[in-house]
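Undergrad: Handing you this structure, nothing more for now.
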Amino acid sequence: MITTSLTSEHLPRAERFDWWQDMTVSALIPTDLSTDHPEDFRSSITMVDLGPAQISAMAYPSISRVRRTPRLIRRSDPEYLQLSLTLDGTMALTQADNETVCPAGTLLLYDSSRPFHGAALPKEGGGVRQIVAQLPRRLVPVPDHQLAAVVADRLPGDGGMGELLAHFLVQVTNRADTYGPRDGARLLPVLIDLLSGTIGQRLDDRQSGDPAEERPTAAFLSAQRYILCHLDEPDLSPARIAAAHHVSVRSLHRLFQRNGTTVRSFLREQRLERARRTLMDLASARLSIAAIARRHGFTHPGDFTRAFRAAYGQPPRDYREAALRGAAGCGGA
């Protein structure tokens with residue numbers, strides 16, 4: 001695995017906080033930061049590369065205010081989920097009408113696509129230490145409405161799935177030198193499974209007891225993750241998904257129906273969403289609509305065009321032209 005360690009120690013004291021702000025913009029996500037220690041911001045970060053994901057161990061004096069504003073989101077949004085494990089100090093965050101305070105030993109989930117504000121404050125005489133994992137939202141098999149219920153919600157790190165997740169984050173960052181070059185690809189699905197399980201367990205804990213209400217299960221989350229990992233393969237089918245989970249096709253359909261959707265609907269929606277993002281991507285502007293359709297699991301371009309129009313109100317070619325015009329306009333401003 002590729003591991004990168006950076007520190008402010010080599011810089012003049014007056015430049016250390018500015019360095020930290022610039023570094024977090026490039027290594028994490030753009031935010032507005034303030035601190036009570038601008039005169040000497042002693043800080044360090046160790047980043048462990050897991051391919052599309054990253055786990056970072058950080059230490060710093062304090063952040064009296066952190067904000068991710070709508071303006072910053074419009075400027076740059078990698079569509080990440082970020083998971084923070086507080087090791088020393090206290091984290092506070094407000095996002096999506098949820099507000100929480102997380103002491104040491106607790107986990108906190110937040111979304112780069114939604115505005116948030118918060119702080120990271122030390123105990124008296126100490127500093128702040130935290131581990132932050134960030135990974136693309138599309139890799140985490142949790143529906144948006146369920147995710148909205150757990151962002152900025154304290155996730156216990158001392159029991160159940162949360163404890164396993166916390167131990168994993170600490171192990172990977174503390175012992176990064178014991179992993180080989182190919183281990184990042186092996187650790188990524190472990191991170192996804194542990195995070196999905198922790199979210200599912202938290203939702204179960206908050207369940208009201210109404211049997212008619214949706215109740216996520218480990219099997220449902222596992223099936224969703226399998227779909228997302230193989231989404232671009234045209235031969236992905238309910239039969240293949242069921243076989244991978246050692247259940248019958250009928251049982252798989254019942255599992256999705258209990259969670260308010262169907263296998264084919266979830267598969268189609270996720271493929272369309274990935275295709276939509278590709279259409280908006282300047283780097284993919286030279287790809288034909290048919291190539292984008294094939295890339296995201298649609299064998300017949302005509303089927304893709306009809307499904308895209310039904311989902312987003314216009315054909316993919318028109319959607320792309322409008323998106324690229326908007327991106328060009330922002331770049332020119």
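Undergrad: If you take the residues of the range 69-90 that are among the hydrophobic types (A, V, I, L, M, F, W, C) and open to solvent by less than 20 Å² (accessible area, probe 1.4 Å), which of them is nearest to Leu164 (Cα to Cα)?
TA: Of everything passing the filter in the range 69-90, Leu85 is nearest to Leu164 (Cα to Cα).
Undergrad: So, one more: Within the range 33-55, which residues are open to solvent by less than 40 Å² (accessible area, probe 1.4 Å) and in contact with a Leu (Cβ under 7 Å, 6 or more places away or on another chain)?
TA: Answer for the range 33-55, where residues must be open to solvent by less than 40 Å² (accessible area, probe 1.4 Å) and in contact with a Leu (Cβ under 7 Å, 6 or more places away or on another chain): Ile45, Leu50, Ala53, Ile55.
Undergrad: Every residue in the range 96-125 that is crowded, with 17+ Cβ neighbours inside 10 Å, without any contact (Cβ under 8 Å) to a residue 60 or more places away in the chain and touching a Phe, Trp or Tyr at 6+ places or on another chain (Cβ under 9 Å), please.
TA: Correct list: Ala96, Tyr110, Asp111, Phe116, Gly118.
Undergrad: Residue by residue through the range 145-184, note down the ones that are open to solvent by less than 80 Å² (accessible area, probe 1.4 Å), aliphatic (A, V, I, L, M) and assigned to a helix (DSSP H, G or I).
TA: Correct list: Leu147, Ala148, Met161, Leu165, Ala166, Leu169, Val170, Val172, Ala176.
Undergrad: Just checking: which of the strands (runs of 3 or more DSSP E) contained wholly in the range 1-111 hold 1 or more residues that are under 19 Å from the mean Cα position of the chain (by Cα)?
TA: Values: elements: 3-7, 32-34, 44-50, 53-60, 63-68, 80-88, 90-95, 98-102, 106-111.
Output list reads 44-50, 53-60, 63-68, 80-88, 90-95, 98-102, 106-111.
Undergrad: State which residue is modelled with the lowest pLDDT when the search covers only the range 275-331 and only residues that are part of a helix (DSSP H, G or I) and among the acidic types (Asp, Glu).
TA: Glu321
Undergrad: Condition first: part of a loop (DSSP other than H, G, I, E, B), in contact (Cβ under 8 Å) with a residue 40 or more places away in the chain and open to solvent by 60 Å² or more (accessible area, probe 1.4 Å). Now tell me which residues in the range 240-272 satisfy that.
TA: If the condition is that a residue be part of a loop (DSSP other than H, G, I, E, B), in contact (Cβ under 8 Å) with a residue 40 or more places away in the chain and open to solvent by 60 Å² or more (accessible area, probe 1.4 Å), then Gly260 is the only one that fits.
The values are calculated or read from the model by the stated rules, or taken from the named source; none is laboratory data. These numbers come from a predicted model, not from an experiment. For neighbour counting, all protein chains shown are included, and Cβ atoms are generated from backbone atoms with ideal geometry for every residue, glycine included. Each accessible area value is taken on the protein alone, full model and side chains, heavy atoms only, with ligands, DNA and RNA left out. Shrake-Rupley method; radii C 1.70, N 1.55, O 1.52, S 1.80 Å.
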